[in-house]
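What follows draws every value from the coordinates through simple rules; no lab data is involved. All figures in this text were calculated on a predicted structure; none of them were measured in a lab. No Cβ is skipped: glycine too gets one built from the backbone with ideal geometry, and neighbour counts run over all protein chains shown.
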There are 2 protein chains.
Amino acid sequence: MKKYKRNQRVGALMKIFAERPNYVFSYNYFSEIFNAAKSTISEDVAIVRELVEELDYGKVETISGASGGAVFVPVMGVREKNDILNELCNLFSNKNRILPGGFIYFTDIFNNPGIVTNIARIIASEFTDKKPDCIVTVETKGIPVSILTGQKLNVPVAVIRRNNKVTEGATVSINYVSGSSNNIQTMSLSRRSLKENSRVLIVDDFMKGGGTCKGMADMMREFNAEVVGTAVVIETREPGKKLVDEYLSLLLLNNINEKDGIIDIQPNNKLLK
Amino acid sequence: MKKYKRNQRVGALMKIFAERPNYVFSYNYFSEIFNAAKSTISEDVAIVRELVEELDYGKVETISGASGGAVFVPVMGVREKNDILNELCNLFSNKNRILPGGFIYFTDIFNNPGIVTNIARIIASEFTDKKPDCIVTVETKGIPVSILTGQKLNVPVAVIRRNNKVTEGATVSINYVSGSSNNIQTMSLSRRSLKENSRVLIVDDFMKGGGTCKGMADMMREFNAEVVGTAVVIETREPGKKLVDEYLSLLLLNNINEKDGIIDIQPNNKLLK
C-alpha cells in the first residue's frame, strides 16, 4: 500500500478540510486513507491547524478521545466580505436587469454556483456560532443559496413547497399572508424533512414585506423547531417595518428608478464591522 | 504586508483550488494575495501540480503567457465512485422510504448537501471532458444536484420553471409529454438565463419514461444550444425504452416491492469500469 510524505499529507488535509467545512473527520479515517499511524496523523493535523490560523482561514478544532477527530471551521475576514459584497452590488445594479413593472431580473445570479458559493460562505460564517442543525427555505429561487449554505455549515436543507406532492409523504400545510401583496398563500413541508426540536436557520433570496419568512417561522412551530437565525440575500428598504423582527440581509435595495435605469443597492454595513 | 513561507503558500493553494475546481486563477491573483513574485508563484504551482498527481486527485493545468494561470481539474477514481454509489444504494433502499402507492420518499437525500456534493462530484468527473458551459435542469428536486454539479464544473445553471413568473422577463415555453403518465405539461425558460449556442449538460434527479429530459432537450433547440450530455441520479428499470437515447444514470431502480418493503436499487456498473 502507498505511503505518503508529510508535505503530501498536509496538502491532502488542506484539500479534504476545504471541501467539507464543519464536518468532523475521524483520525481513523485519515489513518486509513494515508496508511499512517494515528500519532502521525495527529502531528499532521497540528501542522494544518497552525497553517489555517496563519492564513486567517478560520480554525481547525480537534476532538480528543477514542473517537477523536478534527474539523475545519472557516471564518471570513471583513476584507473578503467587503470585496464579495461590493462585487455583488456591481452585478445586481446593472441597469439591463430592470424588467417592465419595476421588477428586477436576478435569476441568473441566484443560479450561478460560483457567485452563490460566496454568498453562502458569508451566511455560514455569520451563523456558525448559532449552531443550526438544519436550513429551511421555500422553493424556488432560495434553494441554491440554501443548499450551498448547508454545504458550508454541513447541515441538511428542508425545502418548503408551494404545493403538496405525492412524493413528499405526510406534510404540514399552513396559510400565510404575503407581506407585500396581502394575498393569502399556502406552504407545505414534508413531516420527514425536519426532525422535531431542530435548530433552524431560515434562508431566502429576497425579502420585501417579510411575509414569507414570517410564514416559514410559523411553520417551524408546527415542528417544535427553534429558529436560531434568518438570512436573506437582498432586502428592500421599503417597507421599513418587516413582518419579522430579527434577520440578517447581505444587501439593501434602496430604490429602482425604472425611467432613468438606476438600481440603487448597497452592502449591509453591519457585516463590515 | 505579510509574507508567507512556501509550505504556507502550498497549503493555501490546495485549499483555494479545492474550493473552486475548474476555475482558472491568474498568477496575478496569487501574486497579490501572497505578496510574492510571479516566478515564486509559478514554482509553488508546480509543487501543487505534482502533489495533486501523486495523491490521485486529478490534475492542475497551467496556462502560459501574459494572462497565465492555473486550474485544478478533479478526476474521481473508480474506488471512490464505488464507495459513494454503494453508500447511496444503502441510503436509497431503506424500506421506511416506501410511500403509499409505491412511491419512494427521496426528498431528504436530494436536499442533503453533503450527499449531493458527492453525487455532483461523480457527474462532474464524468462530463468534464465534454466541456459544457451551462447546466440545465427543471424545478424543483433537480436543483440541488444541478447547482452542486455547476459548482464542481464552474458553470452556471439555468432552471426551467413549471410556470411563468413575472421576474423571469421574456420566456420561451414548450409543451411536452410526460413519458410515464402521457400527460401534456408546460415548461418555461427565461430567455436571459441561457446564451445562444451554449454547450448544455442536462441534469435531473429521476428518470422514468424520459419525457422530462426529452422536453428539456426540445427546449434547448429553441436556444440553439447543443446538448453535450444528460445525467440523472436514478433511472427506473421499467420502461426499458426511454424517450431519450443517450444519458448517464448513477443508480438503477430495479423494483419496489411495497408488500415486503423491499427497494431494489443498484449502482450503474458502467461507472465502475
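Apply the Karplus parameterisation 6.51 cos²θ - 1.76 cosθ + 1.60, with θ equal to phi minus 60°, to every residue of segment B:205-219 and state each ³J(HN,Hα) to the nearest whole Hz, in sequence, with x for glycine and proline.
Calculated HN-Hα couplings, in order: 7, 9, 10, 10, x, x, x, 5, 5, 4, x, 5, 5, 4, 4 Hz.
Taking 37 °C and 0.692 mPa s as the conditions, I'd like the Stokes-Einstein D for the protein assembly as shown in µm²/s, using the Kirkwood hydrodynamic radius from alpha carbon pairs.
It comes out at roughly 134 µm²/s.
Say a site is exposed when it is one of the GluC sites (Glu not before Pro), sits in a DSSP loop, and has at most 12 other Cβ atoms within 10 Å; what is then the longest site-free stretch of chain B?
B:1-195
Please count, across segment A:33-173, the pairs of lysine residues with Cα atoms under 29 Å apart that sit 8 or more places apart or on different chains.
20
Using a label point 7 Å beyond Cα on the Cα-Cβ vector, give me the inter-copy distances for B:N269 in nanometres, one decimal, shortest first.
6.6
Compactness ratio of segment A:47-189: Cα Rg over 2.2 N^0.38 Å, N = residue count?
Dividing the Cα radius of gyration by 2.2 N^0.38 Å gives 1.33.
Using θ = phi - 60° and the Karplus relation 6.51 cos²θ - 1.76 cosθ + 1.60, list the HN-Hα couplings for segment B:74-86 in order, rounded to whole Hz, with x at every Gly or Pro.
With coefficients 6.51, -1.76 and 1.60, one gets x, 10, 9, x, 4, 5, 5, 4, 4, 4, 5, 5, 5 Hz.
Principal axes first, then extents: for the Cα atoms of segment B:78-272, list largest minus smallest coordinate on each axis, whole Å, largest first.
Largest first, segment B:78-272 extends 49, 37, 30 Å along its Cα principal axes.
Give me a comma-separated list of calculated 3J(HN,Hα) values for segment A:135-148, in order, Karplus coefficients 6.51, -1.76, 1.60 applied at θ = phi - 60°, integers in Hz, x for any Gly or Pro.
Karplus values, whole Hz, x for Gly and Pro: 10, 10, 9, 10, 4, 10, 6, x, 5, x, 5, 5, 5, 6.
If I take R0 = 45 Å and measure r between the Cβ atoms of A:N224 and B:K5 in this structure, what FRET efficiency does the formula 1/(1 + (r/R0)^6) give, to the nearest 0.05?
That gives a FRET efficiency of 0.30.
Taking the Cβ of A:C89 as the centre, find all other residues whose Cβ is under 13 Å away and add up their charges (Lys, Arg: +1; Asp, Glu: -1).
Cβ neighbours under 13 Å give a net charge of -1.
All other residues with a Cβ under 13 Å from the Cβ of A:V48 taken together, and with Lys, Arg as +1 and Asp, Glu as -1, what is their net charge?
Net local charge, A:V48 excluded: 0.
In whole Å, how far is the Cα centre of segment B:73-104 from that of segment B:115-170?
Spelled out, the Cα-based centre of one part sits 20 Å from the other.
How many Å³ per residue does the convex hull of the Cα positions in segment B:6-74 occupy?
73 Å³
Could you work out how far the C-alpha centroid of segment A:20-44 sits from that of segment B:183-201, in angstrom?
Their Cα centres are 45 Å away from one another.
What nm distances, shortest first, do you get from the label point of B:E246 to those in the other copies when the point sits 7 angstrom along Cα to Cβ?
Reported distances to equivalent positions: 5.4 nm.
Output needed for segment A:216-273: three equivalent-ellipsoid semi-axes, defined as square roots of 5 times the C-alpha gyration tensor eigenvalues, in descending order, whole Å.
Result for segment A:216-273: semi-axes of 29, 14, 8 Å.
Could you work out the local net charge near B:F206, counting Lys and Arg as +1, Asp and Glu as -1, over the other residues with Cβ closer than 9 Å to its Cβ?
Summing Lys/Arg as +1 and Asp/Glu as -1 gives -1.
Which aspartates and glutamates have a Cα less than 20 Å from the Cα of B:K3, not counting those fewer than 8 places away in the same chain?
Partners found: A:E50, A:E53, A:E54, A:D56, A:E80, B:E32, B:E43, B:D44.
With a cut-off of 14 Å, note down the residues of segment B:103-134 whose backbone N falls inside the zone around a label point 7 Å from the Cα of B:L272 toward its beta carbon.
The answer is none, because no backbone nitrogen lies closer than 14 Å to the label point.
Any chance you could get the radius of gyration and Dmax over the Cα atoms of segment B:1-131, in Å?
Final numbers for Rg and Dmax: 19.7, 65 Å.
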